[in-house]
1. Identify, by number, the condition in (1) open to solvent by 20 Å² or more (accessible area, probe 1.4 Å); (2) assigned to a strand (DSSP E or B); (3) under 23 Å from Thr35 (Cα atoms); (4) out of contact with any Phe, Trp or Tyr (no Cβ under 6 Å at 6 or more places or on another chain) that Glu125 doesn't meet.
2. When the stretch 84-117 is examined, which residues are found to be touching an Asp or Glu at 6+ places or on another chain (Cβ under 8 Å) and either under 19 Å from Ile140 (Cβ atoms) or hydrophobic (A, V, I, L, M, F, W, C) (or both)?
3. May I ask you to list the residues in the stretch 112-122 that are loosely packed, with under 15 Cβ neighbours inside 10 Å and in contact with a helix residue (DSSP H, G or I) (Cβ under 9 Å, 6 or more places away or on another chain)?
4. Quick check on the stretch 96-107: of everything there that is open to solvent by less than 30 Å² (accessible area, probe 1.4 Å) and under 22 Å from the mean Cα position of the chain (by Cα), which residue is modelled with the lowest pLDDT?
5. So is Ile57 open to solvent by less than 100 Å² (accessible area, probe 1.4 Å) and farther than 23 Å from Asn143 by Cα or not?
6. Any residue in the stretch 71-80 that is open to solvent by less than 90 Å² (accessible area, probe 1.4 Å) and farther than 22 Å from Gln160 by Cβ?
7. Take the residues in the stretch 128-148 that are of a type in the set (S, T, N, Q), in a strand (DSSP E or B) and farther than 20 Å from Ile68 by Cβ; name whichever of them is most open to solvent (accessible area, probe 1.4 Å).
Amino acid sequence: MEISSKSVKRNIMKTKILTLLITLLLIAPNTFCKTTQEAVEFFNKYADFANNYNSEILNMYSPDAKIIREVVKPTGETVDIIVPSSRYFKELKIGQKTAKLRRYKNKYRNIKATQVPNGIKISAERQPAKETYWLKMYQIVQNTDTGFKITEEMMQTKVQSFLRHKEKSD
């Protein structure tokens, strides 16, 4: 029985492809875990900056980040308010000063990071200072050449004054 050179080449190619696939399967889960773990570490840094009124928090956002405040009405109904990032950044700078005077801090729990098509989604529950309830929040972060950046953020709030922004933008 004679083995053709085509057959040998085909078997070598199959072996190379199989080896490559096995290598990818072994490496990919570690890369995914490391990236999501790093995203959670990024979020913990974000929470630390926020609770310590560190202006470096602004550098954690993409310049054109989508900022969503989901207002929870007393009835339980929710209304999404999109805040332009430029306005949000200005208000954040001002709000940090007020928050520091009031010693306002958030607590976070159930922090989870999952891969999504447009980055990594970090979900958590947030408890505002001096409150007993917990609210939903998430951030979508993308890894850039300068590290993770927040490209989208949604936080629920019970602060009804955000609804005035909705009426102005409609």
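1. (4)
2. The answer is Ser85, Tyr108, Asn110.
3. First, the residues of the stretch 112-122 that are loosely packed, with under 15 Cβ neighbours inside 10 Å: 112, 114-118.
Scanning the stretch 112-122 gives Lys112, Thr114, Gln115.
4. From the stretch 96-107, those open to solvent by less than 30 Å² (accessible area, probe 1.4 Å) are 96, 99, 106; that's our starting set.
Subset that is under 22 Å from the mean Cα position of the chain (by Cα): 96, 106.
Values: Gln96: 83, Asn106: 93.
Step by step, filter the stretch 96-107, then rank; the result is Gln96.
5. On the way: open to solvent by less than 100 Å² (accessible area, probe 1.4 Å): yes; farther than 23 Å from Asn143 by Cα: no.
Considered against the rule, which asks whether it is open to solvent by less than 100 Å² (accessible area, probe 1.4 Å) and farther than 23 Å from Asn143 by Cα, Ile57 comes out as no.
6. Initially, the stretch 71-80 is screened for residues open to solvent by less than 90 Å² (accessible area, probe 1.4 Å), giving 71-73, 76, 78-80.
Those left that are additionally farther than 22 Å from Gln160 by Cβ: none.
No, the stretch 71-80 contains no residue that is open to solvent by less than 90 Å² (accessible area, probe 1.4 Å) and farther than 22 Å from Gln160 by Cβ.
7. Asn143
The values are calculated or read from the model by the stated rules, or taken from the named source; none is laboratory data. None of the values given here were measured: they were computed from a predicted structure. For neighbour counting, all protein chains shown are included, and Cβ atoms are generated from backbone atoms with ideal geometry for every residue, glycine included. Accessible surface areas use protein heavy atoms only, side chains included; no ligands, DNA or RNA. Shrake-Rupley method; radii C 1.70, N 1.55, O 1.52, S 1.80 Å.
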